[in-house]
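Undergrad: One structure, as structure tokens, below. Some questions next.
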Amino acid sequence: SEEHMPRKRLRPDHTLIVYKFWAKPSAKLPQAFWDKAKAMRDTWNSLVVMREETQEKAKTLEGEEKKSLWADFQPDCRKLVKKSGLDWEAQGELLDRFQAASRRAIKYKQTLRQEHGLKKIMIPHRFTGGGEPVNTLFTASGQAWRVKIDPVSETAYLSNNRDYLRDRWTRGIFGIDKDTIISFEAIIHRPIPQDSIVKKVIWCGSFNRNLHPQNRWQWSIQIVVEQAPIQVERDDSMACGIDLGWRIMAEGSYLRIGMISDSVGRNIELRLPLVGTGTRSTRRSHTYSQYQDFTGLLELDSKIGNAVEHCKAKLRELLPVEKTAHLTQVRQFGLRKILRELQESGEDTEAQSYLEKWEEEDARLRLIKATVQGRLIGRRQWLYQNLACWLTKTYRVVVWEGELELKVMAEQKDKSQALAAASRYRQWASISNLRSLIKNAAQKNGCTLTDGETAYSTLTCWECGEAIEKNTGALFLICPQGHRHDQDVQAAKNLLNQAHIPQTRAESLIIHENLRKVIVPCS
């Protein structure tokens, strides 16, 4: 019922922070767990269908009738979720998630889709009364059936050597209901501040069919806490402007993902390496040793595509012309469909044998690609998290683009030559993910993010203020007064100037060794 729903935050100056930890069930997950996950999925699909039906009705209405229809939509959603049979925690989580997804769909003109099968699972425990202290969650005693995690000693975080890392391993329980409890192992790799308030704990699962059958479900625990703003002692005059984007540099050796211009007068390039990004774990196996970086992923894509083309060429030799006339546009799915038809016919032909060998090799290559890609994405995430932490701890004020429509910019027809050349790297750069991490880090580290005016920031000379008539796509632009500047540096300086902070004295720039290939001072 609505009286049991969690209250709003009682401390408006606090921020919500999500701590995500790897988790591994100690035993096979019970059927009650899967039943609840499927019930949440089916309820979500029902909400999506009801929204689509309401949209269709709204097209035929106008004025007050249309407003009345949408006014009744929210109560109808609550009634539908209440009839689902889910507990009040899952009901509240589903409604919040659905409303947030609906707002995003309206803002970005997207379509909400139904979920077919189980690919993502999020089962919550929400705490009423404004939340619970962290120490009630991490306890070695008590009879709590909802969530309980054995505490980790504070000494486990004194160092990052192997002995201390081992001490961060712990056990816990997560209740599906009072009769069904999941026991799990977890690594609490970072401490949660003791003065935080736990708002909810979510058991999360993500399914990847390209991984090994025993590891296709990846499990984690998300702990959402309310944390007081951190008071950081630093020079208030330390500010920077940051221009985020993606640009291929140095003949494809790295992507420039941003440029910083700070109040000290420094220009700092932010890089995402594309070569030489292999980790120790990828070098242990000969199978993955040749695919250690982004170029390895491109090589795997090429091998997968070439195998498809070779298979189609061979089928043209082995099958009648009437069965191969449509092969030009066929990809992996179409080849598998042909294989299934040959298998169902019961004839053991040479074409069937060749297709079976191709299917086996295609599955092997896609498994290697998924494994390498997962490792590289994990490394990129680690770099971005550390970059966001460094940025928000180094500068008190950061001025950046407010609403950065990356998808619109990438899909525009008249985009510059440089943007067109780098368009294939847009998803790999994942600038939206970096922006999200910077926002979260700014909340934790007491950094002020300011949305700057981005119109003509690239085409306005920061030195004299003259407008450059046209962006030719070159890295360096020349204004009518003859000033020649890197256009990314120019955009960052123009953003910084909007903060109206005078230039300060030079201070040493501290960059950790692991980030020296990512954060590169260039002047």
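The values are calculated or read from the model by the stated rules, or taken from the named source; none is laboratory data. Given the structure is predicted, the values throughout are model-derived calculations rather than measurements. Methodologically, a virtual Cβ is constructed for each residue, glycine included, from the backbone with ideal geometry; neighbour enumeration extends over all protein chains shown. The protein model used for the area step is the full one, side chains on, heavy atoms only, and it has no ligands, DNA or RNA in it. Shrake-Rupley method; radii C 1.70, N 1.55, O 1.52, S 1.80 Å.
Undergrad: Would you mind telling me which numbered condition in (1) open to solvent by 50 Å² or more (accessible area, probe 1.4 Å); (2) of a type in the set (Asp, Glu); (3) within 33 Å of the chain's Cα centre (by Cα) Glu466 fails?
TA: Against the list (1) open to solvent by 50 Å² or more (accessible area, probe 1.4 Å); (2) of a type in the set (Asp, Glu); (3) within 33 Å of the chain's Cα centre (by Cα), Glu466 comes up short only on (3).
Undergrad: Looking at Arg366, Arg396, can you tell me which residue is touching an Asp or Glu at 6+ places or on another chain (Cβ under 7 Å) and open to solvent by less than 70 Å² (accessible area, probe 1.4 Å)?
TA: After applying the criteria, what remains is Arg396.
Undergrad: Taking Ser457 as meeting all but one of (1) hydroxyl-bearing (Ser, Thr, Tyr); (2) part of a helix (DSSP H, G or I); (3) crowded, with 17+ Cβ neighbours inside 10 Å, write down the number of the exception.
TA: The single condition Ser457 does not satisfy is (2).
Undergrad: Additional query: How many of the residues making up segment 87-96 are open to solvent by 20 Å² or more (accessible area, probe 1.4 Å) and either touching a Phe, Trp or Tyr at 6+ places or on another chain (Cβ under 8 Å) or touching a residue at least 60 places away in the same chain (Cβ under 8 Å) (or both)?
TA: 2
Undergrad: Tell me, yes or no, whether segment 313-322 has at least one residue that is at negative phi and in contact (Cβ under 8 Å) with a residue 40 or more places away in the chain.
TA: The answer is yes, given that some residue of segment 313-322 is at negative phi and in contact (Cβ under 8 Å) with a residue 40 or more places away in the chain.
Undergrad: A further question on this structure: Filter segment 37-60 down to residues that are under 19 Å from Gly117 (Cα atoms) and among the β-branched types (Val, Ile, Thr) and give me whichever is surrounded by the fewest Cβ atoms within 10 Å (Cβ to Cβ).
TA: Checking each candidate, the answer is Val49.
Undergrad: Looking only at segment 479-497, which residues are under 15 Å from Gly241 (Cα atoms) and either acidic (Asp, Glu) or in a loop (DSSP other than H, G, I, E, B) (or both)?
TA: Asp486, Asp488
Undergrad: Same structure again: Tally time: how many residues in segment 344-362 are within 17 Å of Tyr291 (Cα to Cα) and either open to solvent by less than 50 Å² (accessible area, probe 1.4 Å) or basic (Lys, Arg) (or both)?
TA: Of the residues in segment 344-362, 1 are within 17 Å of Tyr291 (Cα to Cα) and either open to solvent by less than 50 Å² (accessible area, probe 1.4 Å) or basic (Lys, Arg) (or both).
Undergrad: Ok, one more. I'm checking my understanding of the structure. Among residues of segment 71-86 that are in contact (Cβ under 8 Å) with a residue 40 or more places away in the chain and crowded, with 17+ Cβ neighbours inside 10 Å, which one is nearest to Ile202 (Cα to Cα)?
TA: Leu86
Undergrad: Only one residue in Ser46, Ser68 is of a type in the set (Gly, Ala, Ser) and closer than 24 Å to Asp177 by Cβ. Which one?
TA: Ser46
Undergrad: Now for a different question. Considering only segment 445-454, state which residues are open to solvent by 30 Å² or more (accessible area, probe 1.4 Å), outside any loop (DSSP other than H, G, I, E, B) and of a type outside the set (Asp, Glu).
TA: Thr448, Leu449, Thr450
Undergrad: Which is under 35 Å from the mean Cα position of the chain (by Cα), of a type in the set (Val, Ile, Thr), within 24 Å of Ile257 (Cα to Cα) and modelled with pLDDT of 85 or more, of Val330, Val372, Val275, Val308?
TA: Matching residue, one of Val330, Val372, Val275, Val308: Val372.
Undergrad: When you look at Lys109, is it open to solvent by 40 Å² or more (accessible area, probe 1.4 Å) and among the charged types (D, E, K, R), yes or no?
TA: Taking the combined requirement at face value, the residue satisfies it.
Undergrad: In a helix (DSSP H, G or I), among the polar types (S, T, N, Q), over 27 Å from Ile192 (Cβ atoms) and touching a residue at least 12 places away in the same chain (Cβ under 8 Å): does that describe Ser102?
TA: Spelling it out, Ser102 is indeed in a helix (DSSP H, G or I), among the polar types (S, T, N, Q), over 27 Å from Ile192 (Cβ atoms) and touching a residue at least 12 places away in the same chain (Cβ under 8 Å).
Undergrad: Please tell me if Ala442 is part of a helix (DSSP H, G or I), modelled with pLDDT under 75 and not acidic (Asp, Glu).
TA: Judged against the criteria, Ala442 is not a match.
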